[in-house]
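One structure is given below, encoded as structure tokens.
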Amino acid sequence: MSESSKKPVSFQSSRKYSILEILQFLVVVSLILYFGKTLFIPLSFSLLIGFILYPVCKWMETKGIKKGIAIFISILGVTLLAGSIIYLLFIQFSEFLHEWESLRVKLNQSIHQLSVFIVERFNISLEKQTEFINNTVNDSGSLAFSMLRNTAYSLSTSLFFLIMIPVFSALILFHRQLLSNALYELFPPERKNTIHEILIETIHEYYNFIKGMLIVYLIVGLLNSIGLWIIGVPNPFLFGFIASILTFIPYVGIMISSLLPIAVSWITYNSIWYPLAVIAVFSIVQALEAYIIFPFAVGSRLKINTLIIIIVVIVGGIIWGAAGMILFIPFISIIKLIADRTPSLKTLSVLLGDSDQKQTSK
């Protein structure tokens, strides 16, 4: 009787999944994540914040602070941090607007110099240049309307996320025991300890993820500052680290943070080459951050190899856009934790692991 009861467990744990089954599962999950991103993106950010704030809330509760008050203090701290970043973004933009009049004069001079160069070099008259510009503006009207519509949709979605993420985070922290018990009920009783270990290690993995991100910001800030210092831009470390902090807001953050050093370099040196050099510095550092610094710093702390990190970042961008590029990294770390404890997913565990793990296993 005991031997027959052991056979099904052994069969299930040693079962190998076919390539077709894995592909079908990936397609179904990708479709669910893509069409449900309005719900899953804020919920995922909230889960991330909940895992990060759990040790803080637990510590305050051990000091006699009630659960609700501890959660409120933790959420308030994160909200103030996010608000500081947004305020910094607006400060950058407002300072850029103060310099706009000088920039407009410089821009008109540069356009005039470019027009004269085109006349002298390519023998294209000013009338033809003006006609070409007018036709281009008229033809791009529909494109500009589409961009404005997409921007308005993105802003409304971002506002919804900013409202829902603190609410979801507070509810997840408040009902964490209920959610844990519900998760335990999804698995056999003998797997409860394993699921508990995965939850605890997930919290540590998220902590390592945040620590890795801080290292990324430090390295990117130093590279930005050194590049601006070599060019000769005033206050290079200020501009470099502001740009590094604002890279937390993908795409938009680096564009807004680069406006002020571009304007300052243009006004200071009265040459178009210095703003172009600033753009080149930020572009090179962004490429290094996306494809080398971020995968190496974050991937090494999550014990996932760099190739998988790059693939996950690209897939996350395809499915969820900029949010997916941030969130899919912790997701893959959770998948690796599960694969490490599931014999049937041993191949996936080896594939996701880094070279150090491979060497220790030999």
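All of the numbers you see were taken from the coordinates with simple rules; none came from a lab. Just so it is clear, the structure is predicted and the values come from calculations on it, not from any experiment. As a convention, Cβ positions derive from the backbone with ideal geometry for all residues, glycine included, and neighbour counts pool all protein chains shown.
Modelled spin labels at I230 and V116, positioned 7 Å past Cα toward Cβ, are 3.3 nm from each other. Distance between the pseudo-spin-label points of Y87 and I318 (7 Å out from Cα toward the beta carbon): 4.1 nm. Based on the inverse mean of 1/r over its pairs of different Cα atoms, what is the Kirkwood hydrodynamic radius of region 267-331, in Å? Evaluated over region 267-331, this radius sits at 13.3 Å. For region 24-64, the alpha carbon convex hull comes to 71 Å³ per residue, rounded to a whole number. Working value for region 200-300: equivalent-ellipsoid semi-axes of 30, 11, 10 Å, each the square root of 5 times a Cα gyration tensor eigenvalue, largest first.
Give me the distance in nm between label points sitting 7 Å out from Cα along the Cα-to-Cβ direction at K66 and F296, one decimal. Rounded to a tenth, the inter-label distance reads 5.1 nm. Quick check on region 28-123: what does the Kirkwood estimate of hydrodynamic radius come out to from the alpha carbon pairs, in Å? After inverting the pairwise mean of 1/r, the radius is 18.7 Å.
Taking each residue as 0.36 nm, the span from F331 to H204 lengthens on full extension beyond its C-alpha to C-alpha distance by 44.4 nm. For the residue pairs K37/K336; K63/K303; K211/K336; K37/K67; K67/K336, alpha carbon separations beyond 26 Å are given by K63/K303; K37/K67; K67/K336. Compute the Cα gyration tensor for region 159-211, then decide on rounded, prolate or oblate, letting a ≥ b ≥ c be the square roots of its eigenvalues: rounded whenever a/c is under 1.5, prolate when a/b is larger than b/c in the other cases, and oblate in all that remain. Oblate, since a/c reaches 1.5 and b/c is not below a/b.
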